[in-house]
Amino acid sequence: MFHQITSQRRALLAATFSALALVACGKKETPPPAPAAAAAPAAAPSPAPVKVYTVGTDAAYAPFEKMSASNEVEGLTVDLLKAAAAKGGFEVKFVNTPWEGIFKTLDSGERDIVASSVTITDERKQTMDFSKPYFDAVQLIAVKEDSKVAKFDDLKKLKVGVQTGTTGDEVVQKLLGKTSANIKRFESTPLALQELTAGGVSAVVADNGVVQHYIANNPNAKFKSVSDASFVAEQYGFAVKKGNAELLAKINTGIDAIKADGSYDTIMAKYFGAKPAAAAAPAASAPAPAASK
Ligand code: ARG
């Protein structure tokens, strides 16, 4: 059958394949080699395809990361990493990923980057690499408005909610003991905060930006925040697989560029108002994050 194909049809087929290859170029990281087709017009060499990296994000962390009405990951983290990527010469595709086990997705190759308000810690640095810090944070206590809790130490005898495996979890372990039955661990920070409403815990310890955002957007919950001088300054970084220096360099180039050209500040203003985040300032006096829709 095949030998019956005329040379004309052969040329047509070759041209079709070339066209398909061109279409593929726009989408794939590595285009298939163009078929050796004498009939195909010499296509202009296409620019090196831009790499698309898969980003893991626990999108239950407003205003940093959340799911939009159309089921896409959005928030400050997304705006920031997309802007940095544009400057660093790469693209990102966000995938909502449960916090528990999120770091393992780097080693398994399921995700190239974890962008999830991840605090850079010495312990985590053993198993993954971090970009330059891009945001300052600190732990903050959420309690009901009528609570007598005035400082971290007051939580000693209380049930405290945290998101499993977060820096909030670590801090509370130090106060209550690693194995304390009074530490109630939740899969997400909003679930811990809902349990505060339900009365199952007396306090929640989590990142200041998220606690403040929740309080501002859930006035009916009647929560207040309590800061404590013992909480150490934290910084968020983008995490990559240990040793992925190539990607790390691109991310860092991007972060530097958006800080230099003012787009970093513009994104901060979008979420926290005109003043920069002030996350490192005493949390109780920091301005509440702008309400999100
Ligand atoms: N900054 C804290 C940590 O690194 C909490 C981050 C939680 N992020 C999230 N998207 N749930 O442990």
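The values are calculated or read from the model by the stated rules, or taken from the named source; none is laboratory data. None of these values were measured; they are calculated from a predicted model. Here the Cβ is made from the backbone with ideal geometry for all residues, glycine too, and neighbour counts use every protein chain on show.
Residue by residue, here is whether (1) away from the ligand (no atom under 16 Å from the Cβ); (2) among the aliphatic types (A, V, I, L, M); (3) more than 17 Å from the chain's Cα centre (by Cα); (4) at pLDDT 95 or above holds:
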{"site": "Ser188", "(1), (2), (3), (4)": "no, no, no, yes"}
{"site": "Leu191", "(1), (2), (3), (4)": "no, yes, yes, yes"}
{"site": "Ala198", "(1), (2), (3), (4)": "yes, yes, yes, yes"}
{"site": "Val205", "(1), (2), (3), (4)": "no, yes, yes, yes"}
{"site": "Tyr214", "(1), (2), (3), (4)": "no, no, yes, yes"}
{"site": "Ser230", "(1), (2), (3), (4)": "yes, no, yes, yes"}
{"site": "Val240", "(1), (2), (3), (4)": "no, yes, no, yes"}
{"site": "Ile251", "(1), (2), (3), (4)": "yes, yes, no, yes"}
{"site": "Gly254", "(1), (2), (3), (4)": "yes, no, no, yes"}
Original post:
What number of residues in segment 156-172 are crowded, with 24+ Cβ neighbours inside 10 Å, within 12 Å of the ligand (Cβ to nearest atom) and of a type in the set (Gly, Ala, Ser)?
Top reply: 1
Original post:
Residues that are within 22 Å of Ala137 (Cα to Cα) and away from the ligand (no atom under 11 Å from the Cβ): which helices (runs of 4 or more DSSP H) entirely in segment 40-125 hold 3 or more of them?
Top reply: 76-88
Original post:
Is there a residue in segment 141-155 that is free of Cβ contacts under 8 Å to residues at least 24 places away in the same chain and within 12 Å of the ligand (Cβ to nearest atom)?
Top reply: no
Subject >> Gly243 vs. criteria under 27 Å from Gly273 (Cα atoms) and touching an Asp or Glu at 6+ places or on another chain (Cβ under 9 Å) >> reply: no
**OP:** Kindly list the number of the only condition in (1) loosely packed, with under 13 Cβ neighbours inside 10 Å; (2) within 26 Å of Ile258 (Cα to Cα); (3) free of Cβ contacts under 8 Å to residues at least 12 places away in the same chain that fails for Lys82.
**Re:** (1)
Subject >> Residue pairs meeting the criteria (Cβ under 7 Å; at least 6 apart or on separate chains; first touching a residue at least 40 places away in the same chain (Cβ under 8 Å) and at positive phi, in segment 47-58; second polar (S, T, N, Q) and not in a strand (DSSP E or B)) >> reply: none
